[in-house]
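We did not get these values from a lab; they are worked out from the coordinates using the rules stated. Everything numeric here is computed off the predicted structure, so don't read it as measured data. Heads up, the Cβs are rebuilt from the backbone with ideal geometry, glycines too, and the neighbour counts pull from every protein chain shown.
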Amino acid sequence: MAAAANKRLIALVREVPSTFHKALSSAPGAGTIDVALAKQQWQGYVSALRKLVDTVHVIPADDAYPDCPFIEDTVVCARGTAVLTRPGHPSRMGEVQAVGDWFKTAEEYAEGALQLQTLAELDAEATLDGGDVLYTGRHMFVGLSKRTNAAAARCLQRAFGPSLPVVPINIQDLDGVLHLKCLVTGLGPGALCVVDSPAGRQVGERMAGAVDGVAYTSVAVPDEFAANVVSIHSDTWRGALVQGNRCRDSVNLLRSAFASSASSSSSLQGAVHELDMSEFIKADGSLTCLSVILEVPAR
Ligand code: CIR
């Protein structure tokens with residue numbers, strides 16, 4: 001994400017409901033979710049995020065939706081446009097309403113700094129989880145997964161217009177992969193973080209092939225959950241949230257990647273915040289899933 005000095009960054013997060021132990025999980029054997037611990041981990045996440053963005057808005061939890069903290073899946077934001085999604089799992093579709101309501105009451109929306117569209121209105125057949133959308137500043141990669149279909153990728157292309165290429169990447173054949181951003185996230189302009197696994201390497205090759213001629217550098221991290229990084233970039237780099245627990249080698253690689261980027265410009269500054277998101281991992285989440293970052297004009 002690249003924010004210019006005349007921009008502000010706003011993060012949207014959603015609280016953990018008391019029903020979070022009922023969140024969807026592809027590996028229920030991974031252990032019972034400790035809701036109290038999840039709430040503590042979420043507080044740590046929000047505190048770290050507050051150091052990286054200008055404002056954090058908190059949407060209250062809804063006990064009717066155990067997966068509601070995974071707010072990333074409900075809206076895709078880039079270049080002043082937000083598209084409310086239609087999540088691919090039926091139990092999650094109702095999460096979008098409260099997020100849409102927040103946008104409609106946001107000052108930035110009233111001022112015209114944010115445009116709002118709705119995927120379901122663009123195409124009733126489209127389903128999309130925001131975890132499948134990786135916006136790099138140059139491209140919007142869209143994982144075609146069990147949750148996200150090709151109709152949704154076409155809708156995003158219409159919503160964001162021809163100046164932002166929307167690039168579909170098939171991940172449906174990659175076993176056990178919920179979302180594109182389980183395997184790859186953005187670290188900064190032209191830089192990606194990819195998990196060093198057969199699936200990660202495959203997706204990296206597919207992305208490179210799909211944008212032939214456009215170079216991205218990448219940091220390949222060895223640990224399964226470590227590729228899911230929240231990296232906030234502005235004129236002065238501000239930092240990243242990384243999964244610290246059981247990801248030591250990956251964290252060291254990321255720290256040196258950020259350190260070398262910092263040393264290339266004296267104006268760069270930032271910090272790598274290590275978080276333990278064990279309770280969210282049990283529900284197939286990690287870091288990016290817990291926030292949506294909006295770039296809006298500075299006041
Ligand atoms: C789900 O299966 O939908 C949730 N339990 C996890 C969603 C994680 N979302 C994300 O990484 N963007």
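Data table
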item: P(r), alpha carbons of the range 108-181 - 5 Å bins starting at zero, rounded %; result: 3, 17, 24, 23, 18, 9, 3, 1, 1
item: Set of lysines with alpha-carbon distance to Lys7 below 21 Å, sequence-local pairs under 8 removed; result: Lys51, Lys104
item: Given charges at beta-carbon only (K, R positive; D, E negative), |dipole| of the range 64-205 in Debye; result: 300 debye
item: Cα-based shape type of the chain, given that a ≥ b ≥ c are square roots of the gyration tensor eigenvalues and the cut on a/c is 1.5; result: rounded
item: Separation of the Glu111 and Ala259 label points, Cα + 7 Å toward Cβ, nm; result: 3.9 nm
item: Nearest-20 debye value, the range 7-297 charge dipole, Cβ charges on Lys, Arg, Asp, Glu; result: 420 debye
item: Given charges at Cβ of Lys, Arg, Asp, Glu: the range 7-297 dipole, positive-most of Pro162, Thr127, Leu144; result: Pro162
item: Whichever aspartates and glutamates have a C-alpha closer than 20 Å to that of Lys39, once near sequence neighbours (fewer than 8 apart) are set aside; result: Glu15, Asp62, Asp63, Asp67, Glu72, Asp73, Glu95, Glu274, Asp276, Glu279, Asp284
item: Estimated 222 nm signal from helices in the chain, with DSSP H stretches of n ≥ 4 weighted -39500 (n - 2.57), rounded to 500; result: -7500 deg cm²/dmol
